[in-house]
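Everything below concerns the one structure shown next.
The values are calculated or read from the model by the stated rules, or taken from the named source; none is laboratory data. Predicted, not measured: the structure shown is a model, and the values here were computed from it. Cβ atoms come from the backbone with ideal geometry, glycine included; neighbour counts cover every protein chain shown. Ligands, DNA and RNA are stripped out before the accessible areas are found, and what is left, the full protein with its side chains, is counted by its heavy atoms. Shrake-Rupley method; radii C 1.70, N 1.55, O 1.52, S 1.80 Å.
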Amino acid sequence: MPFSSFEVFLKSLKAHPLIDASISKSDYIPLDLSIHNTELKEVNISSSDDLEDFIWKHMKSHNAKVAYGGYLERRGIYQRSDYFNQSNPETERNIHLGIDLWIEAETLIYAPLEGTIHSFKNNTNHGDYGPTIILKHCIEGYEFYTLYGHLSLVSLEDLKVGVEVKQGEQIASLGTAMENGDYPPHLHFQIIKDIQDFSGDYPGVSNQLDLKFYRDNCPDPNILLNLF
């Protein structure tokens, strides 16, 4: 599928790394958490501890520092939470709309682009984002947003809507499972063209019925990040 004009624009930008820039791309390893990964059948994915063990073993076996992936991945992990799970397969939300970077709690997060703080919130539903920050970007005539989920609670302290954020500025740190929605530590990063009426939150998981809209409104973050 050819890139849209917005995706071509994203690809033209030089983004600052979301985490420590000294970590090279060779230290990143893809991670498949989809329903098609047969290795997950042996893992209790409803337990954040068991899932964390699986992820860290995957990273260690590849001598990696960061695991990444997940865009448009259909996952079984959300079945543990009533917030996502519904009886109708077409309305069950299980298709991931962002990219995840799996790394230790307290890892610092940096703004990939200049922008302003649009909103922030602690989304406390089980399996939700936990502490979340959304930045607004106005670059070369394009207005869009980036979302950072599963942060530490301290990341939300002293924030103010409208404050300018410089490219490469530290904006947050990652939370533990106790504060990040009950997941192994990681960053959920998502690009959003139209934020609609959301504030401090935006769907990060879609059902099959709404997938076309969300796929168009939330393009592949790797177009900007260029991790692979």
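Packing around the peptides 69-77, 191-199, 140-148, 91-99, taken as the average count of other Cβ atoms within 10 Å per residue, puts them in this order, highest first: 91-99, 69-77, 140-148, 191-199.
Projecting the Cα atoms of SER48, LEU135, TYR28 onto the charge dipole of the chain, computed from C-beta unit charges around the Cα centre, puts TYR28 farthest toward the positive end. Taking a ≥ b ≥ c as the square roots of the eigenvalues of the alpha-carbon gyration tensor, the chain is classed rounded because a/c is under 1.5. Sorting TRP102, TRP56 by solvent-accessible area of protein heavy atoms yields TRP56, TRP102, largest first, with a 1.4 Å probe.
For the peptides 11-24, 211-224, the ranking by packing is 211-224, 11-24, with the highest mean count of neighbouring Cβ atoms within 10 Å listed first. Highest-first packing order for the peptide set 105-115, 43-53 is 105-115, 43-53, based on the mean count of other beta carbon atoms within 10 Å.
Beta-bridge orientation, the chain: approximately 90 percent antiparallel, per DSSP, counting only bridges with both partners inside.
Surface calculation, 1.4 Å probe, protein heavy atoms: MET59 sits at approximately 10 Å² accessible. Take the Cα of GLU164, step 7 Å toward its Cβ, do the same at SER26, and the gap between the two points is 3.9 nm.
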